[in-house]
1. Mind listing just one residue for me: the one in region B:91-118 that is among the hydroxyl-bearing types (S, T, Y) and either away from every other protein chain (no Cβ under 14 Å) or in contact (Cβ under 8 Å) with a residue 60 or more places away in the chain (or both) and, of those, farthest from A:V143 (Cα to Cα)?
2. Of all residues in region A:145-195, how many are more than 30 Å from B:P72 (Cβ to Cβ) and in a helix (DSSP H, G or I)?
3. Those residues that are within 25 Å of the chain's Cα centre (by Cα) and outside any helix (DSSP H, G or I), I need them from region B:111-144; list them, please.
4. Can you go through B:I182, B:I174, B:I192 and tell me which one is within 24 Å of A:S144 (Cα to Cα) and either among the aliphatic types (A, V, I, L, M) or at pLDDT below 90 (or both)?
5. Might you let me know whether region B:119-140 holds any residue that is more than 7 Å from chain A (Cβ to nearest Cβ), without any contact (Cβ under 8 Å) to a residue 24 or more places away in the chain and surrounded by fewer than 19 Cβ atoms within 10 Å (Cβ to Cβ)?
6. Tell me whether region B:187-196 contains one or more residues that are without any contact (Cβ under 8 Å) to a residue 24 or more places away in the chain, aliphatic (A, V, I, L, M) and more than 8 Å from chain A (Cβ to nearest Cβ).
7. Please go through region B:77-91 and pick out each residue that is surrounded by 15 or more Cβ atoms within 10 Å (Cβ to Cβ) and farther than 17 Å from B:I146 by Cβ.
8. Mind listing just one residue for me: the one in region A:144-160 that is surrounded by fewer than 16 Cβ atoms within 10 Å (Cβ to Cβ), facing chain B (nearest Cβ under 9 Å) and of a type outside the set (S, T, N, Q) and, of those, nearest to A:K58 (Cα to Cα)?
Protein chains: 2
Amino acid sequence: MGSSDTKTPPPAAAEQPMKQSAPPPQYKCNSRPVVDVALRVLLFATALVAIIVIATSKQTKMIPVAPGLAVPLTAKFNYVPSYIYLVTALSVACLYSIVTGALSVLALTKPGGISTKMQFHFVMFDALLLGIVASATGAAIGVSYIGLKGNSHTGWTKICNTYDSFCMYSAASILLALISSITLLLLVWLSIYVLYKKTTRR
Amino acid sequence: MGSSDTKTPPPAAAEQPMKQSAPPPQYKCNSRPVVDVALRVLLFATALVAIIVIATSKQTKMIPVAPGLAVPLTAKFNYVPSYIYLVTALSVACLYSIVTGALSVLALTKPGGISTKMQFHFVMFDALLLGIVASATGAAIGVSYIGLKGNSHTGWTKICNTYDSFCMYSAASILLALISSITLLLLVWLSIYVLYKKTTRR
């Protein structure tokens, strides 16, 4: 008899603190992995497309070597060491974005969200990768600029007037690599912001 | 009987958590600005020396242009766009390290240390500068590699067999720029670690 009486509405004051302590941080915590996953998907997409674009940039042209004699000469990304470095760095970024993106998606499905420890590890590797991808993008831009403009002081002639399609593909790939670098910077900034917010919330 | 038996052990167990929660974080918090200042001094020193070294890399050589005719030709850092970018990025890093280093020294003198908000701003700019300096270092390495090895596919001849001293100076400057980049990465890692430690301490 007594136990059936307690079923009705229990004290409202006892439920209030329970409700207040749970939902607000949950909302704040859940908005972050969505942006994190979106940025990691963007990183994956830009890195993958950049690799595909530069890998398919091969161009063969008939180059005159003597009056009345032209030979077919090919321009390929693996003839330029800086482009090889760019492809390597982007491949690492691509694989990394798959692994961390999957872990971020898992965090989306969990009620507790991503743990602070994992977030700490993520941002450490994000910063390292930012340095690697930024340096690879810089190296590719440095060499592409010579290809585009040449350098009269060193006697390096421009090649983009001959290999126009190769240069166009390289430029598109470099632009995508630049977006990858900026995405990594945004990922680092986002994680730092979340860590900072966690320190001020205590 | 039972209640008198339980009296003896509690004091030690009750004191333990009190001791654990207070002193260790104080020590850890104060050791951080010292490492931070040391890294900012290292950043300043490497960036400044790198700028000086590349700015003084000018070399003039007599280059034969025809049988019996040689003209003096000069190699300077501002003939290479990637080197101009490197000097610009390192100058920004140098100025930045002076400002943030001074603020870190001020934090050393204060009893409260550096505020979390200022630390948050520091690490945001550190990450941005890491991207800029890393890309400038990459660009310089990419062009220097052509100068050292040449590129038979594009017809770019190596110049380091002629301008040996210029190349040596450039290489030293690039090595110092690489150390600057690594220092910036360590600064970002240190700040992230401190923020992470602050979140776990709550």
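1. Among those that are among the hydroxyl-bearing types (S, T, Y) and either away from every other protein chain (no Cβ under 14 Å) or in contact (Cβ under 8 Å) with a residue 60 or more places away in the chain (or both), it is B:T109.
2. 32
3. Within region B:111-144, B:G113, B:I114, B:S115 qualify.
4. Numbers: B:I182 fails: within 24 Å of A:S144 (Cα to Cα); B:I192 fails: within 24 Å of A:S144 (Cα to Cα).
It is B:I174.
5. Yes, some residue in region B:119-140 is more than 7 Å from chain A (Cβ to nearest Cβ), without any contact (Cβ under 8 Å) to a residue 24 or more places away in the chain and surrounded by fewer than 19 Cβ atoms within 10 Å (Cβ to Cβ).
6. No, every residue in region B:187-196 fails to be without any contact (Cβ under 8 Å) to a residue 24 or more places away in the chain, aliphatic (A, V, I, L, M) and more than 8 Å from chain A (Cβ to nearest Cβ).
7. Across region B:77-91, the qualifying residues are B:V87, B:A89, B:L90.
8. So, considering only residues that are surrounded by fewer than 16 Cβ atoms within 10 Å (Cβ to Cβ), facing chain B (nearest Cβ under 9 Å) and of a type outside the set (S, T, N, Q), the one nearest to A:K58 (Cα to Cα) is A:K149.
The values are calculated or read from the model by the stated rules, or taken from the named source; none is laboratory data. In this text the structure is predicted, and so the values were computed from the model without any measurement. Using ideal geometry, Cβ is built from the backbone for each residue, glycine included, and neighbour counts are taken over all protein chains shown.
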